[in-house]
Amino acid sequence: MAKLTKRVGVAGDLIIDWNLARTQVADRSATLWDPNYTARAFWQLGGAAMLCEILQATAQKDGQYEVEYAGSLPNNTALRPGDAAYNHSYTICSRRSEESKLGQDCGLWRVESFLGFEKARAPLSRTPIANKEVDLLVIDDGNSGFRDLFAEGRWPDFVPRPRKGGWIVLKWARPLFGNENHLWHFLQEHFADRLIAVFTVNDLRLNQMKISRELSWEETAQDVQREIEKLAELRRCAAVVVSFYTAGAVVYHRHGTRDNSLYYDPNGIEGQWFAENGGRMAGYTQSLVAAIVHAIINDVTTESLGIGVRSGVAASRLLHSIGFQFEGTPEEPTGLKFPVEQVAKEIHKTSKQPAMDSPFEKVKIQQDRGWSMVSLDNVWNTALKIITEGPKHALHGQPICTFADFITVDRQEAESLRSIRGLVSEYVRNRSRAKPLSIAVFGQPGSGKSFAVEQVMEALRQLNDLKHELGRKEDKKEFNLSQFSDSGDLLGALHQIRDVALSGKVPLVLWDEFDAELDHQKLGWLRYFLAPMQDGKFQEGQTTHSTGRAVFVFAGGTSYSMEAFAKLAQKEKDAKGPDFLSRLKGYLNIPALDHKSPADPMVVIRRAILFRSMLERGAPGLFSGDRNNRHVVVDSGVARAFLYVKNYKHGARSMETIISMSLLDGKRLFERSSLPSRHLLKMHVEPDKFLSLI
């Protein structure tokens, strides 16, 4: 007997996507008219029709199901922009050859900007169907008229119904909860236990849901779970999938009866893929929904839904990587369309991929606010692997936070650094902000306060839209206020900053030991920063100067945390401590390298990462292998001493100094005999305790 083929119906808002492909010219400022600046308009089916095309192409790969579109499609020859019977979306597409790898010009076309949306102004003729049932119904609701067809409280006669036991997958853009959304109300009343709702995280944010952005996967996943549980309508769904586009997704199961899970890329955070690869595409969520349908068509389980999510995010990444298909030449295409076949092929391939081969990890979302996804079954072995093979190899599959040469797996540290990155990137992009951005950073001496901030800035310099705005490494200005004799020295520093800002760059300015005394007054320097921080100006005699745009980073010298500094500043009202606090836009507390009792696993991992990076800088001759797989051999006793000694007298500086004092020139192994003598070690650690660990 022949195997019965499953039937999938696709309904929803039909949209005509008009993509205006335009060429780039060297200079458009001379005149508004330039015949070399060309543009051509191409259209494609969007919305529910695009989703149907992807599903049809995917279904053809193995023939397990057939896909039908519920509705009529436009006549290709008669279609025009603004046709009153259809919804229209307008975008500008551009070709960005600088994104090509290996210096090759691949002619990659993506969406540059969204111009607007035009709703249909006339009813579209629809053909009723006679009691047509499907095994699975996919609805693409883009808030463009389809949801209103359920206003009479009955099922429209031109939309196929899911048969008994059948499922509905709802792709929902611009969600509107409550009875005023007739489609949502109908589905909630009749199909909630067989409904899988798919949203993007930004649509939920626009719906006034408080969901953090780009801080940590733990924070964002917990926020999504909390916001879903607040809304009974979402809790009643069989499952809710919240997409992070190319980065991952959260899957929430009905009433919390199963494990709510996060599928994520451990090598990045929400938004990082876009930041590193540039540009945008239409169709990420259609690709995700198509992959989910493909995975659950035979059986809806936690496992099959997870397969669909992993496959859908992989397909979204492929879509972003290849951009639009084009006909003609890359410079002047004669056609531009969505890469349906490539996306379908990726869905089919990755849906059969074992979970262990997927770049996306799965983790159960925990309720504990201190929850960390970092799993360290054997801290010692992991730390040794970090030293010998590097943190990216040793921590593969763990949520690594990376900024240039700075790496951490500590959730709190990662969230703090990402919040600083967000503040700086927003400040630099908003050119209307004329006064400096002021941030404070605290930590014990040698904890790496300046290094952490510098690496955040270095990571931002790599972004295409910021690299021309941020000052170069050489533009960084660093001033130690404990070495200034009076306020006149500060004026000279402000002039140096102004010179860089006048060149059009945004420099990083480190004010080290800003909390030092001045003329025997605690926090005596604070009053002199109030005007530059608040107004972006400073006074020199009778002349007022503008500081220009800059990132001020105030590094504490006597206060080791923001909490300690704030307590002191509130007391020192004569020094304008409260006024200074009010002008800070953010802060960062760098964790100490000291062990409590017993040894802190995170401190061990942090030290291992630092130790490896210090060896790379200070003893490169120890390493073997190529650029991407560098290996170093360190005696296990030496590693144990560096990782587990309770205190370093001068923080990370002591670690680095001990390495620099070691006899490593010409060596291929960091052995015990390479370490400095006991009396030299005494300057940085308790020598007996350090050597006993060896």
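The values are calculated or read from the model by the stated rules, or taken from the named source; none is laboratory data. Just so it is clear, the model here is predicted, and its values are computed rather than measured. Note: ideal-geometry Cβ built from the backbone for every residue, glycine included; neighbour counts use all protein chains shown.
Filter the range 569-589 down to the residues that are part of a helix (DSSP H, G or I) and more than 13 Å from residue 530 (Cα to Cα) and list them by number.
Selection gives 569, 570, 571.
Filter the range 540-592 down to the residues that are polar (S, T, N, Q) and under 20 Å from residue 478 (Cβ atoms) and list them by number.
The answer is 547, 558, 559.
Sort out for me the strands (runs of 3 or more DSSP E) sitting completely within the range 482-560 that have 1 or more residues that are surrounded by fewer than 21 Cβ atoms within 10 Å (Cβ to Cβ). Break it down stepwise before answering.
Details: elements: 508-512, 537-540, 543-546, 551-555.
The strands (runs of 3 or more DSSP E) meeting that bar are 508-512, 537-540, 543-546.
Can you confirm whether residue 438 is among the small types (Gly, Ala, Ser), surrounded by fewer than 17 Cβ atoms within 10 Å (Cβ to Cβ) and more than 22 Å from the chain's Cα centre (by Cα)?
In short, no.
Go through the residues of the range 465-485 one by one and say whether even a single one is within 34 Å of the chain's Cα centre (by Cα), of a type in the set (Asp, Glu) and farther than 26 Å from residue 446 by Cβ.
yes
How many of the residues making up the range 403-428 are out of contact with any helix residue (DSSP H, G or I) (no Cβ under 8 Å at 6 or more places or on another chain), surrounded by fewer than 19 Cβ atoms within 10 Å (Cβ to Cβ) and modelled with pLDDT under 90?
The total comes to 1.
Taking helices (runs of 4 or more DSSP H) that fall entirely within the range 309-410, which contain at least 2 residues that are acidic (Asp, Glu)? Working first, answer last.
Working: elements: 340-350, 379-389, 391-394.
Those helices (runs of 4 or more DSSP H) span 340-350.
Can we say residue 263 is among the hydroxyl-bearing types (Ser, Thr, Tyr) and part of a loop (DSSP other than H, G, I, E, B)? Before you say what the answer is, go through the steps one by one.
Values: among the hydroxyl-bearing types (Ser, Thr, Tyr): yes; part of a loop (DSSP other than H, G, I, E, B): no.
No; evaluated as a whole, the condition is false for this residue.
Filter the range 174-202 down to residues that are in a loop (DSSP other than H, G, I, E, B) and surrounded by fewer than 19 Cβ atoms within 10 Å (Cβ to Cβ) and give me whichever is nearest to the chain's Cα centre (by Cα).
174
Can you pull out every residue in the range 634-649 that is among the hydrophobic types (A, V, I, L, M, F, W, C) and in a helix (DSSP H, G or I)?
Once the filter is applied, which keeps residues that are among the hydrophobic types (A, V, I, L, M, F, W, C) and in a helix (DSSP H, G or I), the range 634-649 yields 638, 639, 641, 642, 643.
Output the number of the condition that residue 144 fails; it satisfies all remaining conditions of (1) surrounded by fewer than 16 Cβ atoms within 10 Å (Cβ to Cβ); (2) touching a Gly at 6+ places or on another chain (Cβ under 8 Å).
(1)
Looking at the structure I just gave you, is residue 654 assigned by TED's automatic domain parsing to the domain that holds residue 602, polar (S, T, N, Q) and over 24 Å from residue 447 (Cα atoms)?
Against the criterion (assigned by TED's automatic domain parsing to the domain that holds residue 602, polar (S, T, N, Q) and over 24 Å from residue 447 (Cα atoms)), residue 654 does not qualify.
Quick one: residue 448 ticks every box in (1) at pLDDT below 90; (2) surrounded by fewer than 19 Cβ atoms within 10 Å (Cβ to Cβ) bar one, so which box is it?
(2)
Given the criteria of a type in the set (Gly, Ala, Ser), closer than 27 Å to residue 565 by Cβ and at pLDDT 90 or above, does residue 660 qualify?
no
Inside the range 452-471, can you point out the residues that are touching a helix residue (DSSP H, G or I) at 6+ places or on another chain (Cβ under 9 Å) and either more than 16 Å from residue 553 (Cα to Cα) or in contact (Cβ under 8 Å) with a residue 60 or more places away in the chain (or both)?
Listed by number, the residues that qualify are 452, 453, 457, 459, 461, 462, 463, 464, 465, 466, 467, 469.
Among what's in the range 663-694 and is surrounded by fewer than 18 Cβ atoms within 10 Å (Cβ to Cβ) and in contact with a strand residue (DSSP E or B) (Cβ under 9 Å, 6 or more places away or on another chain), pick the residue that is modelled with the lowest pLDDT.
Here the answer is 668.
Return the only residue of 564, 608 being in a helix (DSSP H, G or I), surrounded by fewer than 16 Cβ atoms within 10 Å (Cβ to Cβ), touching a residue at least 12 places away in the same chain (Cβ under 8 Å) and at negative phi. Please lay out each step first, then the result.
Working: 608 fails: surrounded by fewer than 16 Cβ atoms within 10 Å (Cβ to Cβ).
Of 564, 608, the one residue that is in a helix (DSSP H, G or I), surrounded by fewer than 16 Cβ atoms within 10 Å (Cβ to Cβ), touching a residue at least 12 places away in the same chain (Cβ under 8 Å) and at negative phi is 564.
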